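Presented below is the structure to which this report refers.
Each value in this text was obtained by applying a stated rule to the coordinates, not by laboratory testing. All values reported here derive from a predicted model rather than from experimental measurement. For neighbour counting, all protein chains shown are included, and Cβ atoms are generated from backbone atoms with ideal geometry for every residue, glycine included.
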Amino acid sequence: MYLFHQTGWDIERALARPPSSRDPDAGRLGETQNRGPGGESEMNKTATDTTTSRILDAALSRAETFGIRRTTMEEVASAAGVSRITVYRHFESKDVLISSVVLREARQFFVALDAAIDGFDTLEDRLAEGFAVALEYLREHSLLNRLLEIEPESVLPYLTTSGGPLLATARVQLGAVLAKDITAGRIAPFDVELVAEMLTRLCLSFLLIPETAIALDDPDDARLFARRFLVPIVRSQSVAT
């Protein structure tokens, strides 16, 4: 099992670590090239970021098609058009690589969520739209649904019994989204991380147990559910605080 096995700090370190100067995919850079504020060549940084993205894209594609167990570092290297050693220079193990793929997917989810609710001015509208978008995004996520289909034993623990790192990520990322409502004066201060965890647990329950008597198939139904149940809960937290 690989998803979220590493801590967030380890994943960030793996993503940030530049490849060796001997890495043929990063290019051979001379001392006279332009360097950024930290002394690193801007061209080298761009090459590193590009190579990292190619590797992550390849790993995502392989995992979606064949699952995690059957995805190998050699196959990822071939699909990314880099050497096997280059993959290991960017990601020290398959565990770190797959965890990094998931971390990137999580980031993209929260970016999409933030963008989807950015144009709404009230807390009620933002929560309603955010809940509807979150459900649809998770239901249609190709990697998540593919893994639940072909090897649920690999992914389910990280959404349930071993889901601590996922919840920690959600508390920070979703908490930052909720904090904007406090900053904008839409609601009095409350424990945003507590509410973020509660909302995450709720969305996961609907994803993992899709059979329900609650009408949520249509986005409008999801928005209505959020207005009836989620908005009062969030506002009650503000009062309690």
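Observations
- Relative pair counts by distance (%), Cα atoms of the stretch 118-240, 5 Å bins: 2, 10, 19, 24, 19, 15, 7, 3, 1, 0
- Radius of gyration over Kirkwood radius for the stretch 76-125, both on Cα atoms: the Rg/Rh ratio is 1.29.
- Sorted peptide list for 208-214, 168-174, 181-187, criterion being average Cβ within 10 angstrom, highest first: 168-174, 181-187, 208-214
- Taking 0.36 nm per residue of separation and subtracting the Cα-Cα distance, full extension of the segment from A213 to R146 would add 21.6 nm.
- Two-decimal Rg to Rh for the stretch 48-163 - Kirkwood Rh, Cα set: 1.05
- Computed extension length for S93-V111: 3.8 nm, one decimal, from 0.36 nm per residue of separation with the Cα-Cα distance subtracted.
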